[in-house]
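Data block below; observations after.
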Amino acid sequence: SASLFQQIEEAQPDAIFHLSALWRNDPDSRKVNLGIGAYRDDDGKPWVLPVVRKAETIIYNDPNLNHEYLSITGMPEFREAAARLILGADNPAIGEKRIVAVQTISGTGAVHTAAAFLSRFYRKDVPVLISNPTWINHKLIFKGVGIDIVEYPYWNPHTKGLEIDGMLKALEDAKPGSIVLLHACAHNPTGVDPTQEQWKQIADVCEAKTHFPFFDCAYQGFASGDLDRDAWAVRYFVERGFETLVAQSFSKNFGLYCQRTGCLTVVLNNASVAKKVESQMAIIQRSEISNPPAHGARIVNIVLHDPELYNEWVQNLKTMSSRIQEMRQRLYNKLIELKTPGTWNHIVDQIGMFSFTGLKGKQVQVLKEKYHVYLTDNGRISMAGLSSKNVDYFAKAVDDVVRTV
Ligand code: PLP
């Protein structure tokens, strides 16, 4: 019989998770998954950080831990540590109690909570400005809370780098007070970040136009291997006196993908509103998830509070970021050796999990059908999917499609 939901249209599956499913079902032994942004070791296997294993052992052996609810805004020590990590331990905003930190369902939850907060408590007459392209979920999330979306240019297909002039002009032309969504480091999907000089220009326009900067930080420490360097842009904006929101994910830098560990930090310019903001965040959180999950937050909390484990974590981060950088170099070297038409220096210049190769949709299709290599139609590859075992195979496949498709 007819359903009340008969009229529903079937939505497209999520492009990236769909790609992984296609890869999983492909019986060919040469298959390569360059879709999903999750770290893999040189054998193509997921990697549990050794420091995470240690923290888990501590949790497991702690007789005082139980499975009671956390408070609505999450574990206090974790939230403090997360805010110190992104803002810098000696940031005056922390000392002056001008921050509010809420534990969230990973980076996605942090972005969503921020969007929900802005939709209720920020002006209603301005859009959010997002980069073209950006992480696909940014659009879904802001659409979901009813905030208008306007894109600013970001990727220049000719230079395969940042379209800084177009970006600055779009920020300049936008309605004053617009929300500007910025990737703190390792821009997804392009792997292209502004230089420090360009960040200064971006801050200048935001200041002149009274825009509200909102940072999404999913790759701190994972991008360059240096936690402070990857937090530079956020700290710079805070130092310049902007109020801001920072969404933090611990999925990549702790390898805690399924533990949904994140934090949303609000930096305010006076302490008197902090309590009010926190109380409203609690209302949002209560209605949506009631309170956040504990396991991942416990792991991060233990590591961030123990100097020895912290140092070990920094080493683990280096292991991941250097392997990715090595893959960039090897892919580049092989393409040069093969004399693949085009320029390829962007492969080594880009940073973080992803590289925007410049490959076209048709070439991506042939990579999939002929070579069993899976990547998104926009030509983005997850560097973590490459290894010493498949990088040459991939380079040869790229060489072929660039010449023939
Ligand atoms: N923001 C960006 C730009 C990302 O690339 C990601 C992960 O791919 C996230 C946020 C959040 O991911 P998660 O919710 O898994 O922490």
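Annotation: the stretch 234-310 has a Kirkwood hydrodynamic radius of 14.5 angstrom, from the mean reciprocal C-alpha pair distance. Model label points for Ala15 and Lys143, set 7 angstrom from Cα along the Cα-to-Cβ axis, are 1.3 nm apart. Computed packing ranks the peptides 335-348, 169-182 as 169-182, 335-348, most packed first, by mean other Cβ atoms within 10 Å.
For the stretch 69-305, what is the relative contact order in percent, using Cα pairs closer than 8 Å and at least 6 residues apart in sequence? Please list the in-between numbers first.
Working: 432 pairs, mean separation 73.9, N = 237.
Worked out over the stretch 69-305, it gives 31 percent.
Stretching the chain fully between Glu278 and His67 yields a gain of 73.5 nm (0.36 nm per residue, less the alpha carbon separation).
Find out how many positive minus negative residues lie around Glu312, taking Lys and Arg as positive, Asp and Glu as negative, among other residues whose Cβ is under 15 Å from that of Glu312.
On the way: positive: Arg53, Lys54, Lys318; negative: Glu56, Asp306, Glu308.
My count for the surroundings of Glu312 gives 0.
Per-atom-type breakdown for the chain gives carbon and sulfur 52% of the accessible area (1.4 Å probe, protein chains only).
What is the packing order of peptides 76-89, 38-51, taking the mean over residues of other C-beta atoms within 10 Å and listing the highest first? Show your work: numbers first, answer last.
Working: 76-89: 20.4, 38-51: 15.9.
So the peptides 76-89, 38-51, ranked by packing, come out 76-89, 38-51.
What is the local net charge at Asn345, summed over the other residues whose Cβ is closer than 15 Å to its Cβ (Lys, Arg +1; Asp, Glu -1)?
Taking every Cβ under 15 Å from that of Asn345, the sum is +3.
The distance from the alpha carbon centre of the stretch 301-379 to that of the stretch 1-57 is 18 Å, rounded to a whole number.
Taking the Cα centre of each part, how many Å lie between the stretch 102-127 and the stretch 191-214? Here the answer is 20 Å between Cα centres.
Ranked by the mean number of other Cβ atoms within 10 Å of their residues, highest first, the peptides 126-133, 225-232, 142-149, 4-11 fall in the order 126-133, 225-232, 142-149, 4-11.
DSSP finds beta bridges in the stretch 69-305, and of those with both partners inside it, around 50 percent are antiparallel. Between Ser3 and Ala271, the contour length at 0.36 nm per residue exceeds the Cα-Cα span by 91.2 nm. Among Ser321, Ser382, Ser287, the largest mean-square fluctuation in a Gaussian network model of the chain (Cα springs under 10 Å) belongs to Ser287. Multiplying the residue separation of Lys360 and Gln329 by 0.36 nm and removing their Cα-Cα distance gives an extension gain of 9.0 nm.
Quick one: net charge around Asn291, please, counting Lys, Arg +1 and Asp, Glu -1 for every other residue with C-beta under 13 Å from its C-beta. Around Asn291, the surrounding residues sum to +1. Please report the relative contact order for the chain, taking Cα pairs under 8 Å with a sequence separation of at least 6, and give it as a percent rounded to a whole number. Result for the chain is 26 percent. Remark: the chain is approximated by an ellipsoid whose semi-axes, taken from the C-alpha gyration tensor as √(5λ), come to 34, 26, 23 Å, largest first. Could you pull out the pairs from Lys31/Lys318; Lys339/Lys396; Lys370/Lys396; Lys97/Lys276; Lys45/Lys389 whose alpha carbons sit more than 18 Å apart here? Pairs exceeding the cut-off: Lys31/Lys318.
Mind pulling up the Rg/Rh value for the stretch 69-305? Radius of gyration and Kirkwood radius, both on Cα.
Ratio of gyration radius to Kirkwood radius: 0.94.
Taking the radius of gyration and the Kirkwood hydrodynamic radius from Cα positions alone, what is the Rg/Rh ratio for the stretch 42-133, to two decimal places? List each step's numbers first, then the result.
Values: Rg = 18.0 Å, Rh = 17.0 Å.
Here the Rg-to-Rh quotient is 1.06.
The values are calculated or read from the model by the stated rules, or taken from the named source; none is laboratory data. In this text the structure is predicted, and so the values were computed from the model without any measurement. Don't worry about glycine lacking a Cβ; one is built from the backbone with ideal geometry, like all the others, and counts go over all protein chains shown. Each accessible area value is taken on the protein alone, full model and side chains, heavy atoms only, with ligands, DNA and RNA left out. Shrake-Rupley method; radii C 1.70, N 1.55, O 1.52, S 1.80 Å.
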